[in-house]
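Trainee: Sending over a structure as structure tokens; questions will come in a sec.
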Amino acid sequence: SIKRMNLFNLIEKYGEERCKVYEGDICDVPFIEKVFKNEEPRWICHMAARAGVRPSIQDPFIYIHSNIEGTTRLFELAHKYHCKSFAFASSSSVYGGSSKNLFSEKDVVDFPVSPYAASKKSCELIAYTYHHLYKLNISGLRFFTVYGPRGRPDMAPYKFIKAVCNDSEIQQYGDGSTSRDYTYISDIVDGVIRSLDRPLGYQIYNLGRGEPTHLSHFINLVEKNVGKKANIRICPEQPGDVPRTCADISKARKLLGYDPKVSFEEGISLTVQWYKKEIMSN
């Protein structure tokens, strides 16, 4: 799988002493307490979660377990082991069906449209509680549609590139007018590290580009970079999906020095190159 290939590449590059892997469930109390006891982490980057808007509608309970319970257990251990800085993945999904041109951290986000979004909003609330009670430095990072090499196979960039490369069908939900603020993985990693390195109490940051791309243009870019036409099947819009996302990143720019570099055009080109080299050749 891609995840295991990613782990193998990390260990091969940095060695098992610098990159130690424990495999288990963050909700498994004996397991996760053992990890903290062994390693005593001072900086925690929490990316473990159940992702996906549509699957959360089918099975909301696993999202409550993995996202809310799992994150709370990590906050509790971070407090116990005197963590200096904690960053965790929230999501642009918390903005729901907002009609604003730019989504700001100051916006009211009390109306999530999927269990996944509700679980991420819940984690932000619990994060504030732990900051208030124990003065933990916590950054909640609202990611805007992350993509790039070694990315999730269930995300549209990977699925579309795979489909066009293999002459398979693309499922296009709606008429192609929906848009997303796609953010390349290297820009996201830069934002995550900056948030860890700058503990500022409790903060929520948007990490995106502030430049949404229409679905129809997205598919055209994949076609151009792969060198083939897409076989598109038009499907109804899906429950829980939002029509548009666009990040206001002024807060992250000001407090973190966050400055995304990779355009969507360049990012899709790099992702197609990686897919052809690493996936199709193997």
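The values are calculated or read from the model by the stated rules, or taken from the named source; none is laboratory data. It should be emphasised that the depicted structure is a prediction, and the values quoted were computed from it without experimental measurement. Virtual Cβ from ideal backbone geometry, glycine too; neighbours counted across all protein chains shown. Please note that ligands, DNA and RNA were not included when accessible areas were found on the heavy atoms of the full protein model with its side chains. Shrake-Rupley method; radii C 1.70, N 1.55, O 1.52, S 1.80 Å.
Trainee: Under 5 Å between amide H atoms, partner at least 5 residues away or on a different chain: which partners does residue 46 have, H built in plane at 1.01 Å?
Mentor: 87, 88, 89
Trainee: For residue 162, give me every one of the aspartates and glutamates with a C-alpha distance below 15 angstrom, ignoring sequence neighbours fewer than eight places off in its own chain.
Mentor: Once the sequence-local aspartates and glutamates are set aside, what remains near residue 162 is 154, 223, 278.
Trainee: In Å², and per residue, what accessible area does region 108-190 have when probed at 1.4 Å with the other protein chains present?
Mentor: With all protein chains present, region 108-190 gives 42 Å² per residue.
Trainee: What translational diffusion coefficient, to the nearest whole µm²/s, does region 180-282 have by Stokes-Einstein, given a Kirkwood radius computed over alpha-carbon pairs, a temperature of 37 °C and 0.692 mPa s viscosity?
Mentor: Using the Kirkwood radius from Cα pairs, D works out to 207 µm²/s.
Trainee: Hey, another quick one. Report the FRET efficiency, 1/(1 + (r/R0)^6), for residue 38 and residue 79, where r is their Cβ-Cβ distance and R0 is 25 Å, rounded to 0.05.
Mentor: 0.90
Trainee: Please say if region 45-181 is rounded, prolate or oblate, where rounded means a/c under 1.5 for a ≥ b ≥ c the square roots of the C-alpha gyration tensor eigenvalues, and otherwise the choice is prolate for a/b larger than b/c and oblate otherwise?
Mentor: prolate
Trainee: Viscosity 1.002 mPa s, temperature 20 °C: what is the translational diffusion coefficient of region 1-84 from Stokes-Einstein with a Kirkwood Rh over Cα pairs, rounded to a whole number of µm²/s?
Mentor: It comes out at roughly 148 µm²/s.
Trainee: Beyond 27 Å, how much of the Cα-Cα pair distribution for the chain remains, as a whole percent?
Mentor: That tail contains 42 percent of the Cα-Cα pairs.
Trainee: For the pair residue 129 and residue 238, what calculated FRET efficiency results from E = 1/(1 + (r/R0)^6), where r is the Cβ-Cβ distance and R0 = 25 Å, to the nearest 0.05?
Mentor: In this case the efficiency is close to 0.15.
Trainee: Classify region 46-126 as rounded, prolate or oblate, taking a ≥ b ≥ c as the square roots of the eigenvalues of its Cα gyration tensor: rounded when a/c is under 1.5, otherwise prolate if a/b is larger than b/c and oblate if not.
Mentor: Note, shape of region 46-126 comes out oblate.
Trainee: Ignoring solvent entirely, what values of log10 I(q)/I(0) come out of the Debye formula for region 118-219 at 0.20, 0.21, 0.23 Å⁻¹ when each Cα is a single scatterer?
Mentor: Here the Debye-derived log intensity ratios amount to -1.05, -1.11, -1.21.
Trainee: Would you list the P(r) distribution for region 205-254, with all Cα-Cα distances sorted into 10 Å bins from 0 and each bin expressed as a whole %?
Mentor: In order of increasing distance, the bins hold 20, 35, 32, 13, 1 percent.
Trainee: Mind listing the long-range amide H neighbours of residue 142? Cut-off is under 5 Å, sequence gap 5 or more, other chains count too, H placed in the peptide plane at 1.01 Å from N.
Mentor: For residue 142, the qualifying residues are 90, 205, 206, 207.
Trainee: Can you tell me the dipole magnitude for region 229-282 around its Cα centre, using point charges on the Cβ only (Lys, Arg +1; Asp, Glu -1), in Debye to the nearest 20?
Mentor: 80 debye
Trainee: Suppose R0 equals 35 Å. What FRET efficiency, 1/(1 + (r/R0)^6) with r the Cβ-Cβ distance, do residue 198 and residue 61 give to the nearest 0.05?
Mentor: That pair, residue 198 with residue 61, gives E of 0.45.
Trainee: Now, a different point. Per residue Cα convex hull volume for region 165-223, in cubic angstrom?
Mentor: 122 Å³
Trainee: On to the next question. Given the peptides 15-28, 266-279, arrange them by the average over their residues of other C-beta atoms within 10 Å, most packed first.
Mentor: The packing order, highest mean first, is 266-279, 15-28.
Trainee: Given a 1.4 angstrom probe, I'd like the percentage of the accessible area of region 149-234 that is carbon and sulfur, rounded to a whole number.
Mentor: Ligands and nucleic acids excluded, carbon and sulfur give 49 percent.
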